[in-house]
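To start, the structure itself, in structure tokens.
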Amino acid sequence: MSERKAYFVGGGVGSMAAAFFLIRDAGFKGENIKIFEDLSVAGGSCDGNGSVEKGFLCRGGRMLNAPTYECLHAMYADIPSIREPGKSVAQEITDFNKVMKTHANSRVVDKQGCRLDVESMGFSHRDRMQLLALTQADEDKMGTSLISDWFSPEFFQTNFWWMWATTFAFQPWHSAAELKRYMVRFMHEFPRIQTLAGVERTPMNQYDSLVLPLQKWLEARNVAVDFGCTVEEVKVDEANQKLTAKSISYVKGGKKLSVTLNKDDLLFIQNGSMTDSYTLGSWRQPAKFDFSQQKSFKIWDDLASKYPGLGDAKPFIKNPIESVWQSFTVTMKNPALFKAFTDFQMNEPGTGALMTFKDSNWLMSIVIPYQPHFNGQDKDTQVFWGYGLFPNKVGTYVNKPMFDCTGEEIFYELCQHVRIAPELVHDVINIPCIMPYITAQFMPRVRSDRPAPKPENAVNFGFISQFVEIPRDVVFTVEYSVRAAQMAVYGLCDIKKKIPKVSRHDLNPGVLKRTVMKAYQGETGTLWQKQHKKCKCCCFMKLAAVSAAVAGVAYLVKDQI
Ligand SMILES: Cc1cc2nc3c(=O)[nH]c(=O)nc-3n(C[C@H](O)[C@H](O)[C@H](O)COP(=O)(O)OP(=O)(O)OC[C@H]3O[C@@H](n4cnc5c(N)ncnc54)[C@H](O)[C@@H]3O)c2cc1C
Ligand SMILES: *[C@@H]1O[C@H](CO)[C@@H](O)[C@H](O)[C@H]1NC(C)=O
């Protein structure tokens, strides 16, 4: 066992994962690991808390995906479940999803309250060709182009866009390169995007199901998290083009403190947080759109503006109005009201995934999870989560922007879309949450704007978060943070063990075939019936097959991660 110490700026799930890898794979002692966290809880953006009386809250609800969350599943295979002693967390999640299968019966609803048939993607030939062009484009040549640069306006009215955009929170002004990565990484989910059947859920909210078990594992090994500490500066020495972190200055309870790093010590920085500057409202009080207190990007920004090779924070944070959206968490002691929601959705709680109200001005969606969703939630209490992708627009039924709405007003708007009778509405709490940087990681950027988890010129520090560059993987996922953690630790400690690869489902012939069929589904008669369509399709298939083969060879030749 080594006596090296490791420090962390930020206590998100990414940092916690890195602490896990340091102990499991690099021989660090838990007591030599120290995490500085601004908030008073661990887990960062992966949150969930509250009570029956005050209402529960999760700023986000997270979908997982077994075929692509390679590092997350591998890590959680070694973390014991709290809920089911004797099982690992990974096993617990797998078993839960075998029983609670996702199959959305009402993925998209229109303004009449009708469930739309979204089996067909609604593509025109041009849409398909544009989508193909995007998925086959070379990322380095895409630069900072926007999604809207690649498509005609009609594309943004297709069933595909309603579903893909609301499942992953994409906007037309986001990074085309990131959408391309999503299309490729989740290609196996495209053919069943209308039911979201590939979505995996944790049995409870992700704080209780993912963060707590990991935190317990770390605490049992004496890893310390120092809460209420805001790191203000990291001092770095530059010599022979190598960067060495020397000290960390932080503020705790109004006091300025610092730590000096010894020669062998390591530092991990969470460079930026998607939940930075979030604000909460209540039933009577709106949340606030206020990004003036932003701090989680500061250290990165400071370092990157002084030294080369550490990327650039600015493209991600310069325009919060393009990265903001608003979520809300509803808590009720009202089985009849809850049943009205699940009846409308025609799904048992936990099986419906996302339901989107496509004609709502705020573009609202809700997720009704399996109950109970929280430790501490009793049998008479029900909880669900929702969000609006356009909170700056005036509502369809409430005459103001979502930003300015109380929890009550947001719930009223929702009830109109779901056709809930007013007399049913009582014993409800709704907590709104505005997150100015929630899609900051989707803002247009070039590859070099994000540092590697272990920057080449960094001797003893690395970055872990959503703002690092991991070839081919997709941000806005817990997987990305865990993978960044594993790469940073393995890179800095020179560990030779293999990191699970980013799987290439896009090179699987079965996936390709289903993808092409899906893209053509519903086009005046079935794909294989019409002669001339068949011909067009064959061209498309050949094109796709050739591109896949080319990509496959390129992958084998140049990519070895
Ligand atoms: C609304 C929402 C929906 C989501 N949906 C999904 C989903 O469906 N599927 C999925 O896989 N993922 C989803 N995610 C993403 C996932 O939750 C995040 O990617 C992940 O939790 C990020 O973890 P992290 O550790 O990298 O960063 P964070 O959790 O953001 O951690 C950063 C931490 O560092 C702290 N910090 C930063 N700077 C400082 C400083 N200077 N001093 C002290 N502390 C500092 C912050 O307080 C924070 O706790 C969603 C997230 C949200 C919010
Ligand atoms: C719950 O979490 C949110 C977000 O992290 C935080 O602002 C809030 O204070 C927490 N509430 C409680 C009761 O701990």
- Restricting the first residue to segment 45-57 and requiring it to be among the charged types (D, E, K, R), which pairs with a second residue that is within 8 Å of ligand 2 (Cβ to nearest atom) meet a Cβ separation below 9 Å and a spacing of at least six or different chains? ASP47/LEU39; ASP47/VAL41; ASP47/LEU57; ASP47/ARG59; ASP47/THR275
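Which fully enclosed strands (runs of 3 or more DSSP E) of segment 32-83 have 1 or more residues being under 28 Å from LYS101 (Cα atoms) and either out of contact with any helix residue (DSSP H, G or I) (no Cβ under 9 Å at 6 or more places or on another chain) or aromatic (Phe, Trp, Tyr) (or both)? Spell out how you get there, then give the answer.
Details: elements: 33-37, 49-51, 55-57.
Those strands (runs of 3 or more DSSP E) span 49-51, 55-57.
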- Item | Answer residue from segment 373-391, given it is at pLDDT 95 or above and of a type in the set (Gly, Ala, Ser) and is farthest from THR202 (Cα to Cα) among those | GLY388
- Task: State whether one or more residues within segment 189-198 are surrounded by 21 or more Cβ atoms within 10 Å (Cβ to Cβ), aromatic (Phe, Trp, Tyr) and closer than 21 Å to SER120 by Cα.
- Result: yes
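Please go through segment 376-408 and pick out each residue that is among the aliphatic types (A, V, I, L, M), touching a residue at least 24 places away in the same chain (Cβ under 8 Å) and assigned to a loop (DSSP other than H, G, I, E, B).
The first filter runs over segment 376-408 and keeps only residues among the aliphatic types (A, V, I, L, M), leaving 383, 389, 394, 398, 402.
Applying the additional criterion that residues be touching a residue at least 24 places away in the same chain (Cβ under 8 Å) yields 383, 389, 394, 402.
Scanning segment 376-408 gives a single hit, LEU389.
If we keep just the residues of segment 1-59 that are more than 16 Å from ligand 1 (Cβ to nearest atom) and of a type in the set (S, T, N, Q), which is surrounded by the most Cβ atoms within 10 Å (Cβ to Cβ)? Lay out the reasoning, then the answer.
Going through segment 1-59, the residues more than 16 Å from ligand 1 (Cβ to nearest atom) turn out to be 1-5, 23-32, 51-55.
From what is left, the residues that are of a type in the set (S, T, N, Q) are 2, 32, 51.
Numbers: SER2: 12, ASN32: 20, SER51: 13.
Among them, the one singled out is ASN32.
Run down LEU257, LEU303, LEU261 and say which single residue is touching a Lys or Arg at 6+ places or on another chain (Cβ under 7 Å), in the same structural domain as VAL231 (by TED's automatic domain parsing) and more than 16 Å from ligand 2 (Cβ to nearest atom). Explain how you work it out, then say what you get.
Numbers: LEU257 fails: touching a Lys or Arg at 6+ places or on another chain (Cβ under 7 Å); LEU303 fails: touching a Lys or Arg at 6+ places or on another chain (Cβ under 7 Å).
Every option except LEU261 fails the conditions.
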- Message: Please list, ordered by residue number, the helices (runs of 4 or more DSSP H) wholly in segment 110-217 having 2 or more residues that are under 30 Å from GLY48 (Cα atoms) and hydroxyl-bearing (Ser, Thr, Tyr).
- Response: 159-168
- Quick one: count up the residues across segment 409-442 that are crowded, with 19+ Cβ neighbours inside 10 Å and either small (Gly, Ala, Ser) or assigned to a helix (DSSP H, G or I) (or both). 10
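Hey, does segment 25-32 have a residue that's of a type in the set (Asp, Glu), away from ligand 2 (no atom under 16 Å from the Cβ), out of contact with any Asp or Glu (no Cβ under 7 Å at 6 or more places or on another chain) and in contact (Cβ under 8 Å) with a residue 60 or more places away in the chain? Reasoning before the result, please.
As a first pass, look at segment 25-32 and keep what is of a type in the set (Asp, Glu): 25, 31.
Still in the running and away from ligand 2 (no atom under 16 Å from the Cβ): 25, 31.
Right, trim to out of contact with any Asp or Glu (no Cβ under 7 Å at 6 or more places or on another chain) and you get 25, 31.
From what is left, the residues that are in contact (Cβ under 8 Å) with a residue 60 or more places away in the chain are 25, 31.
For segment 25-32, residues of a type in the set (Asp, Glu), away from ligand 2 (no atom under 16 Å from the Cβ), out of contact with any Asp or Glu (no Cβ under 7 Å at 6 or more places or on another chain) and in contact (Cβ under 8 Å) with a residue 60 or more places away in the chain: present.
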- Query: If you scan segment 89-113, which residues turn out to be of a type outside the set (D, E, K, R) and within 22 Å of the chain's Cα centre (by Cα)?
  - Reply: VAL89, ALA90, GLN91, ILE93, THR94, PHE96, ASN97, MET100, THR102, HIS103, ALA104, VAL108
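If I ask for residues that are within 16 Å of ligand 2 (Cβ to nearest atom) and in contact with an Asp or Glu (Cβ under 9 Å, 6 or more places away or on another chain), which ones from segment 50-90 would you list? Show your work before the answer.
Here is the first cut: in segment 50-90, the residues within 16 Å of ligand 2 (Cβ to nearest atom) are 50-62.
Once the filter is applied, which keeps residues that are within 16 Å of ligand 2 (Cβ to nearest atom) and in contact with an Asp or Glu (Cβ under 9 Å, 6 or more places away or on another chain), segment 50-90 yields VAL52, LEU57, CYS58, ARG59, GLY60.
The values are calculated or read from the model by the stated rules, or taken from the named source; none is laboratory data. Model, not experiment: these values are computed from the prediction. Cβ: placed from backbone, ideal geometry, glycine included. Neighbour counts: every protein chain shown.
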